[in-house]
Amino acid sequence: QRGKPVFIGEAFNPEEEAQQVLREIQRLKREEGHSLGDCAVMYRVNAQSRALEEGCLQYGISYKLIGGLRFYQRKEVKDVVAYLRIINNTYDEVSLSRVINIPPRGIGQRTVEQLTQIARDGDIALYSAMQLAVDKNNEPLVGQTLDTRASQAVTRFLRIINSLIEEGKSLGVAELIDAIVDHIGYRSFLMEDGEQGHERWENVQELRSTALRFQDIDPEDRLSEFLQSVTLVSDMDTQ
């Protein structure tokens, strides 16, 4: 018995491709009586799931991802977003704690605990505690001091963040992602993971392509609006 002819569609970007797929799913449900459980979408690489996931949320289509994490739950995506959040707000201690030693830069758990204690003792933010701890002029105020190696590692991290904050004033979000990756050597770090590292790098590049949608927004607002968009999609993902 012959089935229906295969339809081949052309799309100009991942979003348009996702829209075509989801419109067809809605048609199958509406006109042919299929349930969502009858439909499966297969894609070549993990990074392609991002547009489909966002499209499902936009269309109100419930879905289940098989054999992997949802896009914004993937470690490499969360790492880069955490750096963006710190650049947008240095008082974001959840993001700061996440990437303070990613990639590994010699800031171990003991150092983090010392910095956290300095922050508590002084009733200040963790980022401020880091700045205080590496400033030798403030040693009498700190209460406990970092050893030389830890102090140097924290200093290097602060320089990276401060440099990115300055660069972020004139860069688009996609360009800022490029700057983050370059400053922290993130691609080399991922590639240490072999074939899986290539897939993870593709996810970072997919995040970058998503950020391009925010290029035309006012420079003062585009990073915060991008992060709000990520938060919205992530929150909807978990409902």
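The values are calculated or read from the model by the stated rules, or taken from the named source; none is laboratory data. Computed from a prediction, not measured in an experiment: that's the story for all the values here. Every residue, glycine among them, receives a Cβ derived from its backbone with ideal geometry; neighbour counts consider all protein chains shown. Keep in mind that these areas ignore ligands, DNA and RNA; they rest on the heavy atoms of the full protein, side chains included. Shrake-Rupley method; radii C 1.70, N 1.55, O 1.52, S 1.80 Å.
What tally of residues in region 60-72 results from selecting those that are open to solvent by 60 Å² or more (accessible area, probe 1.4 Å) and in contact (Cβ under 8 Å) with a residue 12 or more places away in the chain?
Looking only at that region, the number is 2.
Show the residue pairs meeting these rules: Cβ distance below 9 Å; 6+ apart or different chains; first residue within region 107-130 and at positive phi; second residue basic (Lys, Arg) and outside any helix (DSSP H, G or I).
From residues that are at positive phi, there are no pairs.
Being part of a loop (DSSP other than H, G, I, E, B) and closer than 19 Å to residue 54 by Cα is the filter; apply it to region 1-19 and report the residue that is nearest to the chain's Cα centre (by Cα).
The residue in question is 13.
Within region 21-56, track down each residue that is of a type in the set (S, T, N, Q) and open to solvent by less than 30 Å² (accessible area, probe 1.4 Å).
Of everything in region 21-56, just one residue is of a type in the set (S, T, N, Q) and open to solvent by less than 30 Å² (accessible area, probe 1.4 Å), namely 49.
Does region 135-149 include one or more residues that are in a helix (DSSP H, G or I), closer than 24 Å to residue 227 by Cβ and either within 20 Å of the chain's Cα centre (by Cα) or among the hydrophobic types (A, V, I, L, M, F, W, C) (or both)?
Checked against the condition, which is being in a helix (DSSP H, G or I), closer than 24 Å to residue 227 by Cβ and either within 20 Å of the chain's Cα centre (by Cα) or among the hydrophobic types (A, V, I, L, M, F, W, C) (or both), region 135-149 yields no hits at all.
Of the numbered conditions (1) in a helix (DSSP H, G or I); (2) closer than 15 Å to residue 76 by Cα, residue 102 satisfies every one except a single condition; which is it?
(1)
For region 32-51, which positions are assigned to a helix (DSSP H, G or I) and hydrophobic (A, V, I, L, M, F, W, C)?
36, 47, 51
Which of the residues that make up region 21-47 are out of contact with any Gly (no Cβ under 8 Å at 6 or more places or on another chain) and in contact (Cβ under 8 Å) with a residue 40 or more places away in the chain?
Matches in region 21-47: 45, 47.
Hey, among the residues in region 85-134 that are closer than 24 Å to residue 169 by Cβ and charged (D, E, K, R), which one's least open to solvent (accessible area, probe 1.4 Å)?
Result: 92.
Quick one: which of 169, 75 is loosely packed, with under 14 Cβ neighbours inside 10 Å and under 30 Å from residue 43 (Cα atoms)?
75
I'd like the residue in region 186-228 that is closer than 16 Å to residue 75 by Cα and not in a helix (DSSP H, G or I) and, out of all such residues, is most open to solvent (accessible area, probe 1.4 Å).
Among those residues, the one meeting the criterion is 192.
Residues of region 162-180 being touching a residue at least 24 places away in the same chain (Cβ under 8 Å) and in contact with a Leu (Cβ under 9 Å, 6 or more places away or on another chain), which ones?
Residues satisfying the conditions are 164, 168, 172, 173, 174, 176, 177, 178, 180.
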